[in-house]
Every structure is written in structure tokens, then in C-alpha cells.
Amino acid sequence: MSLPQLDFLVIGTQKGGTTTLDTMLEQHPELFLAPVKELNYFALGGQPPQWAGPGDDAAANALSAPTADAYAAHFRQARADQKLGESSVLYLYSEAAPAAIHAHNPAMKLIAVLRDPVKRAYSAYSHLRRDGREPELDFRAALEQEPARTAANWEQLWRYRATGHYGDQLERYLELFPREQLLLFTSDMLRQDLRGNLRRCYEFLGVDPAFQPDTDITMNASGLAKNQGLNDFMGRQHPLKDALKKVIPLRVGRKIKGWIAARNLKPMPPLPDDVAAELRAYYQPQIAKTERLTGLDLSAWK
């Protein structure tokens, strides 16, 4: 199967609001987004991933599309008049993805949502606690184990500290793509003016900016599960879910899943002040570099 040329990608960041953005973009009739998020094709070099952390096989390895045929299959239902895209947050973190994306389409439009890296790191930890995958009950201990986990090839979601190196990550893209092909905003901007920033996305992608998507959807929130069994059922494959997917439209199914998941969460304990202060100081060089490269005002992160 020949690989169609993609027009745009949502490249990150992880826990920045990309699932919500993906859900909004795929509603636009002039756009076709791969129905599966995190295909990771451009980061894998044609090789199946073998991430080895707890739950990585089902949550990351199984979803990835490492070959051109596997990737192309996700776009079979697109119309000829639609612009094609997909969302994989590994692309922003990956050192290999920018060159692979550029080789596929030098005119690719790229969208990234950046989140305060301190909040992002704790949100990723909360996500893995929610899913019953993170064995450490103390965030400090999990941070200390990051080098060993990375060496053991645990997937990107476990790289709480390194995933926030936005300056280095964006620099790799800007060495290959002109700044006007990269649309950036922060998760705070997305939350405070979702419709306005969706309009910016539509204009950036060259489709009707007046389209009004259904924004009453909660997707992929972090926190602790009230009922771990229900959370596990919602996040893993199950014959009943497979049967329901055949009769319930994808958009409706996502909305139902988001509604149930949001109501099965309780807040995480607040991030300890000393850990937050250490991370805040750690990220200052990357924040300054991101501002310099992008022109964004990130003073709220300092």
C-alpha cells in the first residue's frame, strides 16, 4: 500500500492538551486525522518499538505503526479532497522524527502545544499512577529513577524531566522547517480560548476557519482513579468494547469515554513545593531558549 502524503502533524507536547486538540481537529470536514493517536511512524525508522516499561507493550508498542503499510492503512477512509494528518507526541521529543518528517513532506504544517514543564512532568506521573503503571508512590523517587528507566528503554511517557526540554526539541525542527510552518501555543492559551485557537489552527491548515466543533468533550485528564477496575477497562482492549466500536461512531465513543473517565478521577496530592522549586530552576535554561526560538512569552513558567 502506497503511503499518502500527509499535510500536517500535531507533534506534542505530551500531557499538553493534544488529545483534546486532535478531537477538535478531526471534527472539521476538510480534515482527516488518523483515528488512532500516537502512531509514532516518523520516529521509529521502520522498526517496531520495543519499549519495556510497565504497560508499555499494550499502551505504546501495540498502537504504533512502524511500517509504511501499517501507517497508510490508517488513512484509507480519507476523501481525496481532505487534508491528512495525525497526532503523535513522540515526534517533538524524538531526535529522529524531524528529518523523517521533512523527507516525507518539506512543506508539512506542524502544530505543537507546550505546557509549563513542571506541571507537565507531574501530570505525566499522575497519568501513569492513574493507569496503575507507575510503581513509585513518591514523585521524587520516580524522578531519581528516570536515567535508569531511560537506559532500560521505558517509553517516553516515563521521561518526566527530559520531555520538558522544549528548547532543544524545537531547535531540531527549526533547523529543517521555516518558522511559519510551525504553529505554537501553550496549553493555557488553549484552555483559556479554545475556540479562538482552533480558528488559528484552521487558518494555519488552510481550511474553513468558521467551522464550529463540539468542544464539550473532556479527554485524557490526569488524576487518581476512584475505581481502578473501571479505569483499566476503559484503557485496555476488551471484546465488549470491540463490539461497541462497530455500532457506535468514533466521535460519539470518544465523547462517552472522556465523560466516564473524567468522572472516575480524584485529584492527585499537590506537587511538593521543594520538588516544584527544584524543577522550576532546572527548566529555566530551556524556557529561555524556547522563548528565544519561538517569540512566545513564557514568563508564567519562570
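Bear in mind that the values in this text are calculations on the coordinates, not laboratory data. Just so it is clear, the structure is predicted and the values come from calculations on it, not from any experiment. Don't worry about glycine lacking a Cβ; one is built from the backbone with ideal geometry, like all the others, and counts go over all protein chains shown.
Based on the Cβ-Cβ distance from D216 to R79, what FRET efficiency comes out when R0 is 30 Å, to the nearest 0.05? Efficiency, from the Cβ-Cβ distance: 0.70. Put a dot 7 Å past the Cα of A52, heading toward its Cβ, do the same for A152, and the two dots end up 0.9 nm apart.
Residue pairs exceeding 21 angstrom between C-alpha atoms, taken from K15/K83; K15/K119; K119/K289: K15/K83.
What the Cβ-Cβ distance of D138 and D297 gives, at R0 = 30 Å and to the nearest 0.05, is a FRET efficiency of 0.35.
Taking every alpha-carbon pair under 8 Å whose residues sit at least 6 apart, the range 11-108 reaches a relative contact order of 42 percent.
Sorting the segments 80-86, 112-118 by their residues' average number of neighbouring beta-carbon atoms within 10 angstrom, most packed first, yields 112-118, 80-86.
Full extension of the segment from L63 to R179, taken as 0.36 nm per residue of separation minus the current Cα-Cα distance, would add 38.7 nm.
Taking a straight Cα-Cα cut-off under 14 Å and skipping sequence neighbours fewer than 8 places away in the same chain, the aspartates and glutamates within cross-link reach of K302 are D116, E278, E291. Between H104 and R199, residue separation times 0.36 nm minus the direct Cα-Cα distance comes to 31.6 nm.
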